[in-house]
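What follows is a single structure, written as structure tokens, with notes after it.
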Amino acid sequence: MLTFRSQSGRYAGQDSPGTGEHDGVGTSRTPPSMSSVPTARTAVITRTFNRPRMLARAADSVCGQTAGDLVWVVVNNGGRPDDVERIVDRARGRGFIVRVLHLPDAVGIEEASNAGIDAVASDYIVIHDDDDSWHPHFLAETAAYLDAKPHYAGVATASCRISETFDGDTLRERGRERYNAWVRNIHLVDMAQANLYPPIAFLFRRSVWKAVGRFDAGLPVLGDWDFNLRVLMHGDIGFIPDVLANYHIRETITDAADPAGNFVAARMSLFQEYDPIIRNRLLRGDLKDGRIGLGWLVSLGRQHQAMWRVLRTVAAAGAARPSDSEDDQQ
């Protein structure tokens, strides 16, 4: 079942993305065949599965944006339809365009993202997971950045990592810190080591998604990292140092069958399995073609990660060891 609100109401009279394709990194335009689907400047894609409390928070995050020209696509990935409809009806009641895709059976998260992107027309795209949240100015700031700098493929913002847990039926914050606080620019060589930002912090052009290829539906995890690498092979990613996105983590939920958990906390074994799969695939491509390319870069990035782990261990051991002056005093 597909449900969507018409373009009347809040967004009537606003400029539409227009028609015709645009090549390269610049703004994409809606092809004529997409004229019958919801259209907005930005498509916000949310994947969800039986997490109504978190989806309700995501709805507040989307509806709280100061940038109004958006369409919210909710991909119900095999979950209960009634919970989803109840929440998105409140968003529609606030004047927002919402399209809902109820998938009868769960699919991979990247396949769900692609389905949501296919369901609407837009210039810009962002993945807003159902458990994450935004500062009210996220879309206004990021869209303005790409409007002003058409040579960028996308833009990421600084983000906050929020640790939380369930206290009965209520989500309670346990602490927060800036996520990857050292990041000030987005370099391909740094992305080759590991992902630099969560999906909630990245707005990208639809034209780039088409140019580099869709999210890899064969990856159960790390699909965002794989996509970010391909985007950086195509063009540059800008960076806004203001913390405009929140990446919520529930480390205490380690049961992979619990829908309230995070992949990164409850399914770490999948990350450990697919990290070498992605790196080896890229390196094999380079070796087969007899070139030095992205495969070599991600392989060297792995070695760099290992070196830093050793250095951090040595530094921690040195900090724990009593100083010579303390030894002399004993």
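The values are calculated or read from the model by the stated rules, or taken from the named source; none is laboratory data. Because the structure is a prediction, the values reported are computed rather than measured. Cβ placement follows ideal geometry from the backbone for every residue including glycine, while neighbour counts extend to all protein chains displayed.
Quick rundown of the values:
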| item | result |
| --- | --- |
| Residue that is surrounded by the most Cβ atoms within 10 Å (Cβ to Cβ) [pool: residues in the range 55-68 that are out of contact with any helix residue (DSSP H, G or I) (no Cβ under 8 Å at 6 or more places or on another chain) and modelled with pLDDT of 95 or more] | 58 |
| Options 39, 30, 46; residue that is under 19 Å from residue 120 (Cβ atoms), at pLDDT 95 or above and buried (at least 18 other Cβ atoms within 10 Å of the Cβ) | 46 |
| Filtered residues of the range 108-117 (kept if surrounded by 23 or more Cβ atoms within 10 Å (Cβ to Cβ) and among the polar types (S, T, N, Q)) | 113 |
| Residue ID - modelled with the lowest pLDDT, chosen from residues in the range 239-281 that are of a type in the set (S, T, N, Q) and assigned to a helix (DSSP H, G or I) | 269 |
| Residue within the range 188-209 that is of a type outside the set (D, E, K, R), assigned to a loop (DSSP other than H, G, I, E, B) and in contact with a Leu (Cβ under 8 Å, 6 or more places away or on another chain) present | yes |
| Residue identified as over 29 Å from residue 161 (Cα atoms), loosely packed, with under 13 Cβ neighbours inside 10 Å and modelled with pLDDT under 70 among 284, 321 | 321 |
| Test result for residue 181, of a type in the set (A, V, I, L, M, F, W, C) and touching a residue at least 60 places away in the same chain (Cβ under 8 Å) | no |
| Residues (of a type in the set (D, E, K, R) and either within 20 Å of residue 127 (Cβ to Cβ) or touching a helix residue (DSSP H, G or I) at 6+ places or on another chain (Cβ under 9 Å) (or both)) located in the range 69-105 | 69, 80, 83, 86, 90, 94, 99 |
| Strands (runs of 3 or more DSSP E) wholly inside the range 44-153 containing at least 1 residues that are at negative phi, under 17 Å from the mean Cα position of the chain (by Cα) and assigned by TED's automatic domain parsing to the domain that holds residue 188 | 70-77, 121-127 |
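For every residue, the table says whether it meets (1) modelled with pLDDT of 95 or more; (2) out of contact with any Leu (no Cβ under 7 Å at 6 or more places or on another chain); (3) surrounded by 23 or more Cβ atoms within 10 Å (Cβ to Cβ).
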residue	(1), (2), (3)
119	yes, no, no
126	yes, no, yes
132	yes, yes, yes
141	yes, no, no
147	yes, yes, no
151	yes, yes, no
154	yes, no, yes
167	no, yes, no
170	no, yes, no
